[in-house]
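First the structure, in the form of structure tokens, and then the observations on it.
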Amino acid sequence: MNKLLFAILFSVICSTTWAQVSNQPRPSLSKQIPADSLSYLSPKDYIIGGITVSGVKYLEKDVLITISKLNKGDKITIPGEASSNVIKALWDQGLFDDVQLNITKINLDTVYFDIQIQERPRLSRIHLTGIRKGEIEDIQKKLNDKAGKIVNENLLNTTTNIIKKHFTEKGYLNTTVTIKQRKDPADANSLILDVAIDKKQKVKINKISFEGNVVFNDKKLKGFMGKTREKKWYHIFGSKKFMRDKYEEDKQGFVEKLQAKGYRDAEIVSDSVYRHDDRTVDIKIKLYEGPKYYFGKITFSGNAKYPTSFLKTVLRIKKGDVFSEDDLNKRLTGGGGGNSDDISSLYLNDGYLTYQADPVQTKIYNDTVDVDIRMYEGPQYNINRIIIKGNDVTNDKVILRELHTKPGQKFSKEAIVRSTRDITTLGNFDEQKTEPKPTNINPQDGTVDIVYNVVEKPSDQIELSGGFGGGQLVGTLGLTFNNFSLRNIFNGKAYRPLPKGDGQKLSLRGQSNGQNYQNYSFTFSEPWLGGKKPIYFAFTAYTQVSSNGSVYASTDASYYHLKINGAGITLGQRLKWPDDLFQLNYSLNVDHYTLHNYPGYLFTNGTSYNIKLTQEFSRNSLDAPIYPTSGSNIKFTIQATPPYSLFNSTNYKIATAQERYQFVEYHKWKFESQWFQKIYGKLVLKSQAQFGFMGYYNKDVGQAPFERFKLGGDGMQSYQFLQGSEIIGLRGYQNFSIVPVGSSYNADNNPGSPVFNKYMLELRHPVIASQSATIFVLAFAEGGNVWNSFSDFNPFNVRRSVGVGARIFLPIFGLLGLDYGYGFDAIQGAPSANKGQFHFSISQSLTGGFN
């Protein structure tokens, strides 16, 4: 009786164990042989003769056999625990809807198995709803790798988390994701996931509060958190959305700022983020400030190159100063700020590439910290090789000639920084990705290689636009090739679409509205004439025609006509004194004017020659051509014609206009300056001042009719006076509307003024800075004016304006600008000239130029 009960109990336990493998269709060990061949009451040992797998569509059969741990030739007890474990091992993979272990044949003591499986369906595609098309595209890119994977809980959770994280980073903390599964009509074993997304509202920060602060008030502490800001109207820059990753960064920076103020023990004890309402959260931070510490005794050890007294002078930290590890590290290593007034620059600019300084806090007593700066100077290194990588279009020589690091020279950090700046100034490479790197450092012979990694960017530009001028529609087509190669002009293989790679510039530009106005210009420039020295050469030629009809109508009294032909050459030289950022250029230009009944100048009929020699003395230290954040651009220009009236016999008191202006004479002086400075985070202040004065040699001749200054508007070279006047922008006013105080504006007869000045302050903040595009917004305040004579000049009597704008730099189009300005001062004769103006500009100020 007891034996019978034991047999029944054992059979029930085995059956229950197999049934608990899953709630899905029950996997089983089935027998495809006579039923009386197996008995749970009498388990028997068999030799495994073979294993097959059936029902497989995507998975590898050999892998499944390996997972089952069934091996041909092994012993197995049937029925028994080993056969049950086979099913469990496969089921635990989460890949199947059903698993069965079938015995296909028993031959004496040999058993043959077949693993029969039903694979879970796989993902065909994900269908997103509830969000915009652009958002769908962004999320699909992050989910592309999910296609073809098994649809299980892990896939569903991963998909949900990716979507939620995407929107959390954008300030949508309450995003909900609902996923439904449906069969793919095209494939019975595939599923489509219908994902409904509800972003809810963006979650912003209602209030940030602090606990435990004694020395620092809440306002000061909030200022330490640059990326986590309350929802306030005066927070113009920076996001007010709550983003967890930015918050974590701010907490780290928050503690570092407290420590930089001398509170070296400062720490965040605890913090919490909790719901304020459906759209905002509150943040509470509990902190410990601790005592304020000061520097005690500062010593140096291991220094041989420079004496301790000199190093202390460079360090600029003395006993009793507020203790700050951040300041100490910056004075030792420069902190990545680009300055050269730290101790590391002393060594790195003198070849000590492996220099190290380790500040050790040797003693802390009361509120004082003693520091020993342990120096490792190492050997001096010389440059072995210069290697250029990444320049697929630009020839090596174009980059190498800009470098201040040469083989055989002593290693210098300052020379590498300057070389990097000059490479980016070429305009052919992504300034964000230009990276110099010392490599192959060899202490045995004291040599190092310098690799300059560059990334080419599109530098050619096209200008295709239409606009109104003088009441007429004017079309413009301009092509600028900034990396042209003249030497390959006859090499058919070099055309892409023109020969490129030698750093030369070729510009072609045309404007027209039909027979009334046409203007064509050609410019070629070579920055290294001859290829051995930085001698700048440029040639330009232009022609302009403006009329109200055909030339055959010249007998008509109402017919007017202006034609200007001109050409010029420029030669320039980089200077080594006062420093090598200075440039001296000389230009010779010849303009020929032909006027017939043409208004806008001091005479309306006749011909005139303008032969002018220009000397330009400039210094440009801007750190980037598109979006400068530091440096200056200063330019002083003198332009003059021969003083014809001083050595001819013409009586200019009674001379006709044709005689007076046949050969134009004048001298012109200009000073222009710009400064760029970071003031907070990425916010940059641009300040600018300009002054121009045009004088004459002979009072009987008076002021010249050409080359005067016209102020107001966008500053673009208007088609009406492209070569006749110098155009200076003043946003908030109509083009050329600024006339001397007391004068009345006349759009049809405005020859310009001989004196002008202009001031500008502009705040800039970047929106996007990448290889494909640079976008920044700005706010400006400007003031400027013109005068008829230097005796009337008053630098403080200016027409003022304020406004906002944006700039977009696209490599193919150059710099595009849109501004809205409002002028505060009325213009006599033009009551609407200052009542708010929109200004559009194109291809201006690509190298920190003046506008």
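The values are calculated or read from the model by the stated rules, or taken from the named source; none is laboratory data. All values derive from a computational prediction rather than experimental measurement. Here the Cβ positions follow ideal geometry from the backbone for every residue, glycine too, while neighbour counts run over all protein chains shown.
Tell me, yes or no, whether the stretch 519-538 has at least one residue that is hydroxyl-bearing (Ser, Thr, Tyr), under 30 Å from residue 462 (Cβ atoms) and in contact with a His (Cβ under 8 Å, 6 or more places away or on another chain).
No: zero hits.
Just to be sure before I move on: is residue 355 over 24 Å from residue 431 (Cβ atoms), surrounded by 14 or more Cβ atoms within 10 Å (Cβ to Cβ) and of a type in the set (Phe, Trp, Tyr) in the structure I sent? Criteria met by residue 355. For residue 570, the conditions (1) out of contact with any Lys or Arg (no Cβ under 8 Å at 6 or more places or on another chain); (2) more than 30 Å from residue 687 (Cβ to Cβ); (3) not assigned by TED's automatic domain parsing to the domain that holds residue 708 are fulfilled apart from (2). Assessment of the stretch 636-644 against the conditions (more than 50 Å from the chain's Cα centre (by Cα) and either buried (at least 17 other Cβ atoms within 10 Å of the Cβ) or at pLDDT below 90 (or both)) yields at least one matching residue. Those strands (runs of 3 or more DSSP E) of the stretch 244-335 in which 3 or more residues are surrounded by 15 or more Cβ atoms within 10 Å (Cβ to Cβ) and more than 37 Å from the chain's Cα centre (by Cα) occupy 294-301. Just need a number here: residues in the stretch 488-520 that are buried (at least 16 other Cβ atoms within 10 Å of the Cβ), more than 18 Å from residue 477 (Cβ to Cβ) and among the small types (Gly, Ala, Ser). Final tally of qualifying residues: 2. Of the strands (runs of 3 or more DSSP E) contained entirely in the stretch 473-573, those carrying at least 2 residues that are closer than 18 Å to residue 595 by Cβ, touching a Ser or Thr at 6+ places or on another chain (Cβ under 8 Å) and in contact (Cβ under 8 Å) with a residue 60 or more places away in the chain fall at 517-526.
Of 486, 498, 479, which residue is closer than 30 Å to residue 582 by Cα and out of contact with any Lys or Arg (no Cβ under 9 Å at 6 or more places or on another chain)? Show your work before the answer.
Working: 498 fails: closer than 30 Å to residue 582 by Cα; 479 fails: out of contact with any Lys or Arg (no Cβ under 9 Å at 6 or more places or on another chain).
Residue meeting the stated conditions: 486.
Looking at the structure I just gave you, is residue 760 modelled with pLDDT of 90 or more, farther than 30 Å from residue 518 by Cα, assigned by TED's automatic domain parsing to the domain that holds residue 842 and not in a loop (DSSP other than H, G, I, E, B)? When the stated conditions are applied, residue 760 passes them.
Residue count for the stretch 587-632, restricted to those that are crowded, with 20+ Cβ neighbours inside 10 Å and not in a loop (DSSP other than H, G, I, E, B): 6. Inspect the stretch 678-689 for any residue being in a strand (DSSP E or B), among the polar types (S, T, N, Q) and touching a strand residue (DSSP E or B) at 6+ places or on another chain (Cβ under 8 Å) and give the result as yes or no. So far as the stretch 678-689 goes, yes, one or more of its residues are in a strand (DSSP E or B), among the polar types (S, T, N, Q) and touching a strand residue (DSSP E or B) at 6+ places or on another chain (Cβ under 8 Å).
Only residues that are within 30 Å of residue 187 (Cα to Cα) and either assigned to a loop (DSSP other than H, G, I, E, B) or touching a helix residue (DSSP H, G or I) at 6+ places or on another chain (Cβ under 6 Å) (or both) were counted in the stretch 42-73, giving 10.
Of the residues screened, residue 83 is one that is part of a helix (DSSP H, G or I) and of a type in the set (Gly, Ala, Ser). Out of all the residues in the stretch 583-593, is one or more within 37 Å of the chain's Cα centre (by Cα) and hydrophobic (A, V, I, L, M, F, W, C)? Taking every residue of the stretch 583-593 in turn, at least one turns out to be within 37 Å of the chain's Cα centre (by Cα) and hydrophobic (A, V, I, L, M, F, W, C). When the criteria are applied in full, residue 838 fails the requirement of being assigned by TED's automatic domain parsing to the domain that holds residue 730, of a type in the set (Phe, Trp, Tyr), touching a Phe, Trp or Tyr at 6+ places or on another chain (Cβ under 9 Å) and buried (at least 16 other Cβ atoms within 10 Å of the Cβ). Residues that are under 30 Å from residue 483 (Cβ atoms) and in contact (Cβ under 8 Å) with a residue 60 or more places away in the chain within the stretch 779-816 comprise 805, 809, 811, 812, 813, 814, 815, listed in sequence order. Taken over the stretch 651-670, the criterion of being farther than 20 Å from residue 694 by Cβ and acidic (Asp, Glu) is satisfied by 659 alone.
Helices (runs of 4 or more DSSP H) fully within the stretch 127-242 that include at least 2 residues being under 27 Å from the mean Cα position of the chain (by Cα): 133-143, 153-168. A single entry from 183, 170, 142, 146 fulfils the requirement of being outside the structural domain of residue 65 (by TED's automatic domain parsing), without any contact (Cβ under 8 Å) to a residue 24 or more places away in the chain and among the charged types (D, E, K, R): 146. Scoring residue 282 on the criteria (1) of a type in the set (D, E, K, R); (2) at pLDDT below 85; (3) closer than 16 Å to residue 209 by Cα leaves a single failure, condition (2). Cβ separations smaller than 7 Å between residues 6+ apart or across chains give the following pairs from the stretch 647-676 residues that are in the same structural domain as residue 632 (by TED's automatic domain parsing) and within 13 Å of residue 707 (Cβ to Cβ) to residues that are assigned to a loop (DSSP other than H, G, I, E, B) and β-branched (Val, Ile, Thr): 664/641; 665/641; 665/701; 666/641.
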